[in-house]
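Read-outs: derived from the displayed coordinates by stated rules, not from any lab. Nothing here was measured: the structure is a model prediction, and the numbers come from that model. Every residue, glycine as well, gets a Cβ built from its backbone with ideal geometry; the counts of neighbours run over all protein chains shown.
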Amino acid sequence: MPREKKTTEQKPIPMDKRIRRVLDDSWIAPVYFNAAITELLNKFNAMSDEELTQYMSRLVAPETAREHVKEIYNRLNNIQE
């Protein structure tokens, strides 16, 4: 007797792969990505710790969030500290 085929649900594409696809498929996307990271860094630096804690839904500590965004910003702009 033949085996029944299992129906498999298609898994959603992970965020990192979707971001890579967008960056690979659009010549202007890296410029927008860099601008967005710059604005995010400015926003995080302008917020108080409490505001940033709420903004990040208490998932990431304010210092850590600022550090991560600054690291991304520095890498995008070839800045070494």
Inset, instruction - Kindly establish whether ALA36 is exposed (fewer than 12 other Cβ atoms within 10 Å of the Cβ), without any contact (Cβ under 8 Å) to a residue 60 or more places away in the chain and in a helix (DSSP H, G or I). - result: yes
Legend entry - Count - residues of segment 24-49 that are within 16 Å of GLU67 (Cα to Cα) and charged (D, E, K, R): 3
Inset, instruction - Give the number of residues within segment 49-81 that are of a type in the set (Lys, Arg), more than 23 Å from LEU23 (Cα to Cα) and loosely packed, with under 15 Cβ neighbours inside 10 Å. - result: 1
